[in-house]
Amino acid sequence: EECEKELKLLEVELDIPKTPFPILKFPEVYEILEDLGKKIPYGDDLDREAEKLLAGYVKENYDHDFFFVDYFPYRVKPFYVMKVDGTDWARSIDLIGKGLELSSGGQREHRYERIIEQIREKGLNLEDFKWFVEHFRYGAPPHGGFAIGIERLTMVILDLENIREATPFPRTPERLLP
């Protein structure tokens with residue numbers, strides 16, 4: 001109702017999704033995908049095809065176009081993402097909407113020693129990240145965050161085929177200027 005005029009101009013009928021959104025968790029996501037005919041090696045990230053397959057699964061089983069995927073494999077996440085103690089999983093989450101990743105987020109590691117340990121675990125040079133690590137030396141509260149791809153969200157709302165249609169100044173390998 002707030003942007004009714006603009007939505008009418010764009011010929012969009014906004015479908016507000018019901019909540020709560022379903023939540024799929026790793027490692028069960030691998031099993032679901034395997035049942036759908038897509039084998040992803042344990043510990044690997046989701047590709048675009050996997051996201052689309054999961055979207056179909058959620059639509060069929062939950063009658064929902066939006067869902068979360070939770071507890072991603074730690075090995076595909078950066079060192080600053082919190083690892084679930086004693087597991088191969090990270091406190092990391094994606095929001096998938098109509099088969100497209102719209103948002104990513106998670107809990108960040110805030111414990112000084114764990115950050116150092118995870119930098120080393122990832123095979124990175126601690127000196128390269130000293131500027132980051134020093135912020136946590138005297139303590140930091142638990143924290144997290146997320147980011148949303150506004151062009152991706154626009155693409156889903158407007159039911160566009162390509163993200164370039166939702167990007168004010170798209171860049172491609174063939175088009176870098178202006």
Find how many whole Å separate the alpha carbon centroid of region 1-46 from the alpha carbon centroid of region 108-129.
32 Å
Would you mind calculating the gained length between residue 39 and residue 171 on full extension (0.36 nm times residue separation, minus the Cα-Cα distance), in nm to one decimal?
44.3 nm
For region 109-144, state which trypsin sites (Lys or Arg not before Pro) are in a DSSP loop and have at most 15 other beta carbons lying within 10 Å of their beta carbon.
111, 122, 137
Anything over 29 Å Cα to Cα? Flag those among 39/83; 52/83; 25/122; 25/130; 38/59, in the order listed.
25/130
Round to the nearest 10 and give me the degree value, 0 to 90, for the angle of helix 112-121's Cα axis relative to the longest principal axis of the chain.
80 degrees
Radius 15 Å from Cβ of residue 156, net charge of other residues (Lys, Arg +1; Asp, Glu -1):
-4
Label residue 160 and residue 59 with points 7 Å out from Cα along Cα→Cβ: what is the distance between them in nm?
2.1 nm
Looking at region 9-66, which trypsin sites (Lys or Arg not before Pro) are DSSP coil and have at most 15 other C-beta atoms within 10 Å of their C-beta?
18, 39
Running a GNM on the chain with Cα contacts under 10 Å, which residue among 133, 12, 81 ends up with the highest mean-square fluctuation?
12
Which of 128, 65, 94 moves most in a GNM of the chain, Cα contacts under 10 Å?
128
If one compares the long axis through the Cα atoms of helix 48-62 with the longest principal axis of the Cα atoms of the chain, the angle in degrees, nearest 10, works out at 70 degrees
GNM, the chain, Cα, under 10 Å: largest mean-square fluctuation among 135, 110, 64?
135
Distant-in-sequence amide H partners of residue 144 (H built 1.01 Å from N, under 5 Å):
108
Listed with the fewest Cβ neighbours within 10 Å leading, 51, 34, 117, 1 appear as 1, 34, 117, 51
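Bear in mind that the values in this text are calculations on the coordinates, not laboratory data. Since the model is a prediction, treat every value here as computed from it, not as a measurement. No Cβ is skipped: glycine too gets one built from the backbone with ideal geometry, and neighbour counts run over all protein chains shown.
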